[in-house]
Amino acid sequence: MDSCIFCKIIKKEIPATIIYEDDKFIAFNDINPIDNIHFLIVPKLHIINLITAEVEKIDFNIFGEMLKLAAVLAKEQGLEGFRTMINSGKKGGQEVFHIHFHVYGGSNHLKKI
Ligand code: 5GP
Ligand code: ZN
């Protein structure tokens, strides 16, 4: 999608610190980290979020693959524990409307949720 910032990162039209890439996914450091380590796992397919109708048309197995990737990359980044988060919709805190997993950790000031 032309105006989408994550599609632009996927197409290398804007820079990012990419930590992983294959034919289906890209992972890069969040520009505004909320923890010592904070990266995003993004499917190359432009899916908006979990509340739009299009999500029903996609293969939900990709989310399993993304979680597995989260585990592998978190270990590679040296995290002994981490959190994952998906924001869906403006009222769910989503700012970039191309679905992504946040993966973050590394600090000792963990707030219980
Ligand atoms: P959301 O609120 O949509 O779940 O999260 C969007 C995330 O993308 C935010 O944590 C924000 O810091 C990050 N972000 C927004 N624009 C860019 C960018 O151009 N590059 C990178 N690396 N991260 C971005
Ligand atoms: Zn996109």
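The values are calculated or read from the model by the stated rules, or taken from the named source; none is laboratory data. Just so you know, these numbers come straight off a predicted model, no measurement behind them. Here Cβ is always computed from backbone atoms with ideal geometry, including for glycine, and neighbour counts include all displayed protein chains. When the accessible area is computed, the model is the full protein with side chains, heavy atoms only, and any ligands, DNA or RNA have been set aside. Shrake-Rupley method; radii C 1.70, N 1.55, O 1.52, S 1.80 Å.
Here is how the numbers come out for the structure above:
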quantity	calculated
Backbone N within the range 85-110 under 13 Å of label point (7 Å from His46 Cα along the Cβ vector)	97-99
Accessible area (Å², per residue) of the chain, counting only protein heavy atoms and a probe of 1.4 Å	64 Å²
Distant alpha-carbon pairs in the range 5-105 (separation over 21 angstrom), percent	29 percent
Rounded percent of accessible protein surface that carbon and sulfur make up, the chain, 1.4 Å probe	55 percent
Cleavage-rule hits (GluC sites (Glu not before Pro)) in the range 1-82: DSSP loop, at most 15 neighbouring Cβ within 10 angstrom	Glu13, Glu80
Of Lys75/Lys111; Lys8/Lys111; Lys12/Lys75; Lys44/Lys90, those spanning more than 24 Å from alpha-carbon to alpha-carbon	Lys8/Lys111; Lys12/Lys75
